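Take a look at the structure below.
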Amino acid sequence: MKNIHNCAIIIAGASGDLAKRKLIPALDALYKQGKICNNIAVIGTGRSNFTNEQFRSSFAISDDFASHLHYYKNTAGIKQFIEALGQFSKIVIFLSLPPSAYAVAAKEFADERFEQQVSIVIEKPFGYDYASAKLLNSQLAEYYDESQILRIDHYLAKEAVQNIMVFRYGNTVFNPVWNSHYVESIQINAIEQLTIIERAGYFDKSGIIRDMVQNHLLQLLALLTMEAPVTLNPHDVKMQKICLLNSIKIEEIHRYQYDTYRGENGVDSESTTETFAEIRLSINNMRWAGIPVYIRTGKAVHRKGTEIGVRFKAPPKVLFNENGDIPANQIIFKIQPAEGIVLDIATKTPGADEQISPTYMNFCYNQNFTGNNPEAYQKLLFDALRGDHTLFVSAEETETAWKLFEGKLDRGDVVHYTTGKLPQSKFDIRWIDFDYYANFCA
């Protein structure tokens, strides 16, 4: 893996929370690891008045890396400012801005006449619905080629998510059973204890489906169920994800809201925004036809965790399972906070005749690899600097995912649930007991 040389990184909105919590610390970590080298410049820009020293002192970073940080107010004249710092072969512009400012900021940087070496990195949410996402893509295309646009979905940079493809395609044992002949259902669980905290300005206009399902969770599902790409070239991977997304149909949505939500600072007192949702969908292709997929996600419940469960069909009622007592095999992908994979299997109880017990085989990152897993933004920023689009989302992916929800967003009643508890499901299914797996790999 080559180190990055001779690059400039512009962070628009550099005085914001994302830059402070994620972006600058991630770049500092890459610098300490030697992945980005001395001829790097990081330029923060925004409406605030900062000297270079004031800007540098606002981050908890190493002094050596801090010397590479600069601040420039607004965008007019920023190209000349950067040219005075040195000649850079590549410039990455990270739009750490409110979504409503993306198109305007992209035009402002284009007006500065940066050349083709520029890449634009855009945070989620990318659009509010299908129409707005399509409009934003067309606005960006006025100034930049698709190869220059990097749309972030930080879930894709999580080590446990990247491992899904390795699990599927690097282990021959699982491929023959990865289809509707053997799988009973797929279940995705993404929950957290925290309420919206101080994010009402964004969240009350969006809701959990826009915030989590349209982007993060559909991407997880695509990696789990898509056909194998011909190569690991970003184009080949994206084409398989798009094919999978095009085969999805949203069958049923139920929306919920935690009981104290309307009392949160900045929330409309009559808000019908969902803070929790459960969704049933189908994948209408030869591999997965007839297999239900369930997604549930939300805030203000009893714990934090993101897990994917693949439940296989129960073994036939013969031999050791004449009474149907042996539970179905399950594979649990633990995405966060304790990354790992758990496989449920049936084994003979020692010392007992024909008595079967459920047991587990598990892989845990913290037990199998030394050192800390890199934070997602380290991977994303490093890939942006070296022009690797694999973990970024294309315009077509984004629009396809939004199109699935046309006519389905903000529809139906919102049922209240008690803060700190999981809502009672309206689906007549056996949800995997994801709570049981919470302490695996912890």
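The values are calculated or read from the model by the stated rules, or taken from the named source; none is laboratory data. These figures come from a predicted structure and were not determined experimentally. Heads up, the Cβs are rebuilt from the backbone with ideal geometry, glycines too, and the neighbour counts pull from every protein chain shown.
Structure above, values below:
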quantity: Residue within segment 221-239 that is within 15 Å of the chain's Cα centre (by Cα), closer than 21 Å to Ala101 by Cβ and in contact (Cβ under 8 Å) with a residue 40 or more places away in the chain present; calculated: no
quantity: Residue selected from segment 291-323 under the condition under 27 Å from the mean Cα position of the chain (by Cα), surrounded by fewer than 17 Cβ atoms within 10 Å (Cβ to Cβ) and basic (Lys, Arg), by the criterion farthest from Ile335 (Cα to Cα); calculated: Arg303
quantity: Matching option when the condition is over 19 Å from Cys7 (Cβ atoms), loosely packed, with under 13 Cβ neighbours inside 10 Å and not hydroxyl-bearing (Ser, Thr, Tyr), among Gly127, Gly77, Gly86; calculated: Gly77
quantity: 1 or more residues within 20 Å of Lys158 (Cβ to Cβ), within 27 Å of the chain's Cα centre (by Cα) and among the small types (Gly, Ala, Ser): qualifying strands (runs of 3 or more DSSP E) within segment 324-367; calculated: 340-348
quantity: Some residue of segment 297-305 being modelled with pLDDT under 95 and either part of a helix (DSSP H, G or I) or farther than 30 Å from Asn175 by Cα (or both); calculated: no
quantity: Options Val42, Val121; residue that is of a type outside the set (Gly, Ala, Ser), modelled with pLDDT of 95 or more, out of contact with any Lys or Arg (no Cβ under 9 Å at 6 or more places or on another chain) and closer than 28 Å to Leu391 by Cα; calculated: Val42
quantity: Residue that is nearest to Gln139 (Cα to Cα) [pool: residues in segment 42-100 that are among the aromatic types (Phe, Trp, Tyr) and touching a Leu at 6+ places or on another chain (Cβ under 8 Å)]; calculated: Phe94
quantity: Every residue from segment 265-290 that is touching a strand residue (DSSP E or B) at 6+ places or on another chain (Cβ under 9 Å), surrounded by fewer than 20 Cβ atoms within 10 Å (Cβ to Cβ) and in a loop (DSSP other than H, G, I, E, B); calculated: Ser271, Thr272, Asn284, Ala289, Gly290
quantity: Output for segment 92-106, where each listed residue is in contact with a Phe, Trp or Tyr (Cβ under 9 Å, 6 or more places away or on another chain) and crowded, with 20+ Cβ neighbours inside 10 Å; calculated: Ile93, Leu95, Tyr102, Ala106
quantity: Failed condition for Arg262, given (1) without any contact (Cβ under 8 Å) to a residue 24 or more places away in the chain; (2) under 18 Å from Leu224 (Cβ atoms); (3) surrounded by 16 or more Cβ atoms within 10 Å (Cβ to Cβ); calculated: (2)
quantity: Filtered residue count, segment 207-240, keeping only those that are among the hydroxyl-bearing types (Ser, Thr, Tyr) and surrounded by 19 or more Cβ atoms within 10 Å (Cβ to Cβ); calculated: 1
quantity: Single unsatisfied condition, Pro423 versus (1) more than 25 Å from Phe312 (Cα to Cα); (2) outside any loop (DSSP other than H, G, I, E, B); calculated: (2)
quantity: Residues that are assigned to a loop (DSSP other than H, G, I, E, B) and under 30 Å from the mean Cα position of the chain (by Cα), drawn from segment 54-73; calculated: Ser58, Phe59, Ala60, Ile61, Ser62, His68
quantity: Residue in segment 245-264 that is outside any helix (DSSP H, G or I), of a type in the set (Phe, Trp, Tyr), in contact with a Phe, Trp or Tyr (Cβ under 8 Å, 6 or more places away or on another chain) and closer than 23 Å to Gly305 by Cβ present; calculated: yes
